[in-house]
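These notes are about the structure you will find just below.
The values are calculated or read from the model by the stated rules, or taken from the named source; none is laboratory data. Because the structure is a prediction, the values reported are computed rather than measured. Glycine gets a Cβ as well: all are built from the backbone with ideal geometry, and neighbour counts include every protein chain shown.
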């Protein structure tokens, strides 16, 4: 039961990450204009912020979804 939940959480979170990366890679200017309505960020700040947040998100998915899933697969 818990393995299924962790598996689906991992799949969903990796899917979110892939969509985020693809939108950032192929529609970066649109994202910058869209977020520029609320936040005054230069292009370098915008890129740096997204790369840092992507790295943080990836590490959180690994630590809180993937590692427990692998541990449960090993134990059970």
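Put simply, of 2, 12 the only residue that is more than 16 Å from the chain's Cα centre (by Cα) and surrounded by 10 or more Cβ atoms within 10 Å (Cβ to Cβ) is 2. Of all residue pairs spaced 6 or more apart or on separate chains, those with beta-carbon atoms under 7 Å, a first member in the stretch 42-60 that is more than 11 Å from residue 17 (Cα to Cα) and a second member that is at pLDDT 95 or above and assigned to a helix (DSSP H, G or I) are 43/32; 46/32; 50/24.
Going through (1) in a helix (DSSP H, G or I); (2) touching a helix residue (DSSP H, G or I) at 6+ places or on another chain (Cβ under 8 Å) one by one, residue 41 falls short only on (1). Regarding residue 73, is this residue in contact (Cβ under 8 Å) with a residue 40 or more places away in the chain, part of a helix (DSSP H, G or I) and loosely packed, with under 14 Cβ neighbours inside 10 Å? Taking the combined requirement at face value, the residue satisfies it.
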